[in-house]
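Taking it in order: structure first as structure tokens, then the write-up.
The values are calculated or read from the model by the stated rules, or taken from the named source; none is laboratory data. Predicted model only: the values in this text are computed from it and were never measured. With ideal geometry, Cβ positions are generated from the backbone for all residues, glycine too; neighbour counts draw on all protein chains shown.
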Amino acid sequence: MATSATFTTTGIISQLKLTRHSIQPLSNVTGRRSRKLVVRTSSLKTPISAKQAEKNAMQYRKLGDSDLVISEITLGTMTFGEQNTEKESHEILSYAFENGINILDSSEAYPIPMKKETQGKTDLYIASWLKSQPRDKVIIATKVSGYSERSSFLRDNAKVLRVDAANIKESVEKSLKRLNTDYIDLLQIHWPDRYVALFGEYMYDYSKWRPSVPIVEQLRAFKELIDEGKVRYIGVSNETSYGVMEFVHAAEVEGLLKIVSIQNSYSLLVRCRFEVDLVEVCHPKNCNIGLLAYSPLGGGSLTGKYLDINSEAARKGRLNLFPGYMERYNTSLAREATIKYIEMAKKHGLTPVQLALGFVRDRPFMTSSIIGATSVEQLKEDIDAFFTAERPLPQEVMADVEDIFKRYRDPTIF
């Protein structure tokens, strides 16, 4: 006999019809951009409680101060057009959105690695898939590139990319055209216009300071696009506490729209950059900035596939396909830490993917984990791992995580 249960999932009320072998969503998650509540179950032999169902369900959270209600998994798309064909990209997109994901993340720079020959293909593949989808059910996040002396091909007439009004406007207009849409839900600055220590760089280098586009100018350019209805909300990426506070302060002083999100790297291998002080800045009671965590699997390294360099998975992995790419995850110290985490996962009956994704998922400051895949099978494995790992991870698991962390604090820095 079926029973009904109503419960709260991160502040969102949903009603489920509980049956002996499955859980069917009866109503949509509330919110302007909502999706059906998807509960991951398979071959259930006994009825499950509403509490158990809630823990096994895709959760949806408000993104900062915006009215965007996003899934706790964001689909990353940077392989579309490089490692994935258009057909494969469509299959991945469809699987993601059929399984409760309601937000995708792109960039004008995609696919990665950045090169003139393929630039923009990611957006084009998304656009051709989007034709068969209701636009208001797909939250599109994309990015305008930061300062770069090597990516002038992104602009019509520029030798150096800057985050100034002209560059921002050109970037958005081209993104809208490629995506074949009238608006972008979330526009992010991919990396700052000013110098910051990024991608494994150990510390801020005083000698690399350079003049940068005033943040007020950047915000005013975004305001024009928002007023025109081309952008709904704005966010930052690869930012520091200083940068976030500058954006928030400038918005308050000038009466401009505040950033609602930050997209930074966060995983078992990359923690300190966010945990030391950004977590305080972004706290809902402070600046209320939602974290979109990229590389929760450490570029795939936390799966363990790169530990056996002769394996098929390692040969096909991007760290080997593109020499020099994300090499910070392949340092001797990072490999040591990865081995420790994998051994610990096995000790607790978890797969490496369950441990890595479960850890990021359970952080109290997490809004959404960005997960990318080069096949439907890979995405299915990641989504299944995300939901089959006990929520939250047991205390004894977290205690072991912290023990390893004390020995390997951010082993990707160089």
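Among residues of the stretch 77-100 that are surrounded by fewer than 17 Cβ atoms within 10 Å (Cβ to Cβ), those with a beta-carbon under 6 Å from a residue that is in a helix (DSSP H, G or I) and not β-branched (Val, Ile, Thr) at least six positions away or on a different chain give the pairs Glu86/Tyr125. Within the stretch 359-370, does at least one residue satisfy the condition of being among the polar types (S, T, N, Q) and outside the structural domain of Asp105 (by TED's automatic domain parsing)? No; the residues of the stretch 359-370 include none that is among the polar types (S, T, N, Q) and outside the structural domain of Asp105 (by TED's automatic domain parsing). Residues of the stretch 122-154 that are surrounded by fewer than 19 Cβ atoms within 10 Å (Cβ to Cβ) and touching an Asp or Glu at 6+ places or on another chain (Cβ under 9 Å): Leu124, Ser128, Arg135. Against the list (1) farther than 21 Å from Ala57 by Cα; (2) among the aliphatic types (A, V, I, L, M); (3) part of a loop (DSSP other than H, G, I, E, B); (4) assigned by TED's automatic domain parsing to the domain that holds Glu396, the condition Ile309 fails is (4).
If you go through the stretch 155-197 and keep only what is in a helix (DSSP H, G or I) and either in contact (Cβ under 8 Å) with a residue 60 or more places away in the chain or surrounded by fewer than 23 Cβ atoms within 10 Å (Cβ to Cβ) (or both), you end up with Ala165, Ala166, Lys169, Glu170, Ser171, Glu173, Lys174, Ser175, Leu176, Lys177, Arg178, Leu179. Scan the stretch 355-384 for residues that are assigned to a helix (DSSP H, G or I), without any contact (Cβ under 8 Å) to a residue 60 or more places away in the chain and surrounded by fewer than 22 Cβ atoms within 10 Å (Cβ to Cβ) and jot them down. Asp362, Glu377, Gln378, Glu381 - these are the residues of the stretch 355-384 that are assigned to a helix (DSSP H, G or I), without any contact (Cβ under 8 Å) to a residue 60 or more places away in the chain and surrounded by fewer than 22 Cβ atoms within 10 Å (Cβ to Cβ). For Ala314, the test of being hydrophobic (A, V, I, L, M, F, W, C), over 22 Å from the mean Cα position of the chain (by Cα), surrounded by 14 or more Cβ atoms within 10 Å (Cβ to Cβ) and not assigned by TED's automatic domain parsing to the domain that holds Pro284 is passed. Taken together, the criteria exclude Ser241 from residues that are hydroxyl-bearing (Ser, Thr, Tyr), surrounded by 16 or more Cβ atoms within 10 Å (Cβ to Cβ), in the same structural domain as Asn264 (by TED's automatic domain parsing) and over 25 Å from Arg271 (Cα atoms). Considering (1) outside the structural domain of Lys87 (by TED's automatic domain parsing); (2) touching a strand residue (DSSP E or B) at 6+ places or on another chain (Cβ under 7 Å), the lone condition that Tyr325 does not fulfil carries the number (2). Here Lys174 does not fit the description of being at pLDDT 95 or above, under 29 Å from Asp384 (Cβ atoms) and of a type outside the set (Phe, Trp, Tyr). Of Tyr266, Tyr294, which residue is in contact (Cβ under 8 Å) with a residue 12 or more places away in the chain, aromatic (Phe, Trp, Tyr), in contact with a Pro (Cβ under 9 Å, 6 or more places away or on another chain) and closer than 16 Å to Ser237 by Cα? When all the criteria are applied, what remains is Tyr266. Scanning the stretch 318-339 for residues being crowded, with 18+ Cβ neighbours inside 10 Å and assigned to a helix (DSSP H, G or I) gives a total of 8.
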